[in-house]
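Okay, so here's the structure we're looking at.
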Amino acid sequence: ASIAATAQHSFLLQNTRPKMLSLLSLYPLSLALATSRPPVGAALEAAVTASDIFAAAERIDPPYPPYEFSHRHMEQDVHQRKRQSLASNALGRLSRLLVGGGCDAARSAALRDARLPRLLLCAAVPSASVADGACASLDTVVARHVATSLAALAALCAADAASSSSVHGGAASEELRPLCGGARLLADRADALAERMSLASAVSSRWAARRLFGTDAAVPRLDARAAELPYDVLPGLVALPAAEEGAPAPRAWLPSVARLAGRLTAEGFASVIPFEQQELLTAAGQRVRERRSTCWLAESGIGALAYSGKLMPPSPLEACPLVKEVRDALHDDLGLRFDCALTNLYAAGGTAACAWHRDPEHGDAADGAKWSRR
């Protein structure tokens, strides 16, 4: 019996070994095939065109209701949040790539690409496992992704809104209707998560919702966060059309300004405003040449403007017809009449910019009831 057992064992080894060897020899090949494409995140970071971004984003598992996933494990919350993070990253990459001079044609094509609504839903649809509001620490992370996605979409749409308004009489392009569903879901989630956002993200999200939907942007929690600031943000144009064909077009916050949009360009303003580069006094007491160009425009009787160690004498506002038209349009829309304007010109190419900041002479905007607009 033992001899038979030994012989049987030897037979099994002899018959099994070739299969084991063949499997082992195939393993490196299968591993190479599995790792031939970089992960989605790496592919997004390496993307240099909108087409590259869309190609990478197509590999993000979509969360279409009723949440049918390509693999069952994708229903787990960790994968649901990764899906939102990757989609947010993709939208941010599109925005950074396509917002700026010389990108109009590529940006317009990307906004009308059939793959963008799918990407937008990947960013907008919440987790199927853990609802927004169920976990404070997770909500903080999700709020950041939602704010990034919403701001990226609004930035992509902003330049398109300006060109479309001159063609469609101030109305948004009907071609962007497929984006309405995902954009609305992002705006609703941003409002629900407003308390989990930084003030900067909350203000950015509110601007984005107003840019996309005009006066139809219903974001009361974001409104409450922005009420802490001494200013308001009113976009002149609406970027998206009505969600339903035949429905009334969303109304712009500044309809009179919107009608001027096709003429309001940096080149147009620079041609009529006498901009200058001047010297500033830094906090360290050094005098440096300002990288941006500035001009203080004012009506007769308004004095010079002093800030950062420089004194700016006024240039006549009436001598700048384009600025005067904007001033008059704002009066029509808001009932407020401005008699002066500080204008800044930032050179193309990113050599000058203005970061999120506060002016020391104005104090802390979020501190004290004197700034509240509640």
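The values are calculated or read from the model by the stated rules, or taken from the named source; none is laboratory data. From a predicted model like this one, the values you see are computed outputs, not experimental measurements. Cβ sites come from the backbone with ideal geometry, for glycine too, and all protein chains shown count toward neighbours. We work out accessible area using only protein heavy atoms, side chains counted, and drop any ligands, DNA or RNA first. Shrake-Rupley method; radii C 1.70, N 1.55, O 1.52, S 1.80 Å.
Per-residue answers, yes or no, for (1) within 19 Å of C157 (Cβ to Cβ); (2) hydroxyl-bearing (S, T, Y); (3) in contact (Cβ under 8 Å) with a residue 12 or more places away in the chain; (4) surrounded by 15 or more Cβ atoms within 10 Å (Cβ to Cβ):
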| residue | (1), (2), (3), (4) |
| --- | --- |
| R196 | no, no, yes, yes |
| R221 | no, no, yes, yes |
| R225 | no, no, yes, yes |
| L229 | no, no, yes, yes |
| G236 | yes, no, yes, yes |
| G246 | no, no, no, no |
| R263 | no, no, yes, no |
| A283 | no, no, no, no |
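Only one of A353, A347 is at pLDDT below 95 and either open to solvent by less than 80 Å² (accessible area, probe 1.4 Å) or in a strand (DSSP E or B) (or both); which?
Unique residue meeting the criteria: A347.
This table checks each residue for (1) more than 30 Å from P178 (Cβ to Cβ); (2) outside any loop (DSSP other than H, G, I, E, B); (3) of a type in the set (S, T, Y).
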residue: A242; (1), (2), (3): no, no, no
residue: G262; (1), (2), (3): no, yes, no
residue: G268; (1), (2), (3): yes, yes, no
residue: P274; (1), (2), (3): yes, no, no
residue: W296; (1), (2), (3): yes, yes, no
residue: G301; (1), (2), (3): yes, no, no
residue: L311; (1), (2), (3): yes, yes, no
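Could you check, for the range 300-322, whether at least one of its residues is surrounded by 14 or more Cβ atoms within 10 Å (Cβ to Cβ), touching an Asp or Glu at 6+ places or on another chain (Cβ under 8 Å) and basic (K, R)?
Taking every residue of the range 300-322 in turn, at least one turns out to be surrounded by 14 or more Cβ atoms within 10 Å (Cβ to Cβ), touching an Asp or Glu at 6+ places or on another chain (Cβ under 8 Å) and basic (K, R).
Quick check: anything in the range 218-239 under 22 Å from L119 (Cα atoms), among the hydrophobic types (A, V, I, L, M, F, W, C) and out of contact with any Lys or Arg (no Cβ under 7 Å at 6 or more places or on another chain)?
Yes - at least one qualifying residue is present in the range 218-239.
Every residue in the range 16-48 that is under 37 Å from the mean Cα position of the chain (by Cα), of a type outside the set (A, V, I, L, M) and either at pLDDT 95 or above or open to solvent by 80 Å² or more (accessible area, probe 1.4 Å) (or both), please.
T35, S36, R37, P39, E45, listed by residue number.
If we keep just the residues of the range 120-132 that are without any contact (Cβ under 8 Å) to a residue 60 or more places away in the chain and of a type in the set (G, A, S), which is nearest to S85 (Cα to Cα)?
S127
Here is a check on your reading of the model: is A55 modelled with pLDDT of 95 or more, small (G, A, S), part of a helix (DSSP H, G or I) and open to solvent by 40 Å² or more (accessible area, probe 1.4 Å)?
Spelling it out, A55 is indeed modelled with pLDDT of 95 or more, small (G, A, S), part of a helix (DSSP H, G or I) and open to solvent by 40 Å² or more (accessible area, probe 1.4 Å).
Among the residues of the range 35-52, write down those that are β-branched (V, I, T) and in a loop (DSSP other than H, G, I, E, B).
T35, V48, T49
Counting only residues that are under 19 Å from D52 (Cα atoms) and charged (D, E, K, R), which one in the range 103-141 is nearest to the chain's Cα centre (by Cα)?
Taking the candidates together, the pick is R107.
Out of the residues in the range 78-102 that are over 16 Å from the mean Cα position of the chain (by Cα) and open to solvent by less than 30 Å² (accessible area, probe 1.4 Å), which is nearest to A46 (Cα to Cα)?
R83
Criterion first (assigned to a helix (DSSP H, G or I), at pLDDT 95 or above, open to solvent by 10 Å² or more (accessible area, probe 1.4 Å) and farther than 26 Å from R327 by Cα) does R206 satisfy it?
Answer is no for this residue.
Considering only residues that are within 16 Å of R211 (Cβ to Cβ), open to solvent by less than 10 Å² (accessible area, probe 1.4 Å) and β-branched (V, I, T), which ones fall in the range 131-151?
Matches in the range 131-151: V146 only.
Of all residues in the range 248-261, count the ones that are open to solvent by 50 Å² or more (accessible area, probe 1.4 Å) and within 14 Å of L334 (Cα to Cα).
1
Among the residues that make up the range 59-70, is at least one of them modelled with pLDDT of 90 or more and over 17 Å from the mean Cα position of the chain (by Cα)?
Yes, there is a match, as at least one residue in the range 59-70 is modelled with pLDDT of 90 or more and over 17 Å from the mean Cα position of the chain (by Cα).
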